[in-house]
Structures are given as structure tokens and as C-alpha cells.
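Step one of this worksheet: look at the structure below.
The values are calculated or read from the model by the stated rules, or taken from the named source; none is laboratory data. Everything quoted here is computed from the prediction, not taken from an experiment. Virtual Cβ from ideal backbone geometry, glycine too; neighbours counted across all protein chains shown.
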């Protein structure tokens, strides 16, 4: 098991690459969710607000 975790002397590079990959993937999901939430809020705001120059009854 130590041989596997040590990666033949390249453990620092291998495990840091895995760690960086996980961080980037998690950030990608978090940022996509935030962007989706912002887009939905913007859409809700636009739908609720009547267009400029038009009355509510039109």
C-alpha cells in the first residue's frame, strides 16, 4: 500500500494533480450553480416587471 501511495517517488506530483483536479471540478459545479441561480433570479425579475412604455393591461 505504501508503494501505491508513494507512486514511485512521484507522489507529490501525482496527488497534487488529483487534488487540483478535484478542486477545479468542485469549483466548476459551484460556479455553474451560482450562475444558474443568478440567471433564474434575473429571469424572474424580467418576467415580473412590465416592459417599458407598455401598460400592465396590454
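When the stretch 29-58 is filtered for residues that are surrounded by 10 or more Cβ atoms within 10 Å (Cβ to Cβ) and at pLDDT below 90, only 50 remains. When the stretch 1-28 is filtered for residues that are outside any helix (DSSP H, G or I) and surrounded by fewer than 10 Cβ atoms within 10 Å (Cβ to Cβ), only 1 remains.
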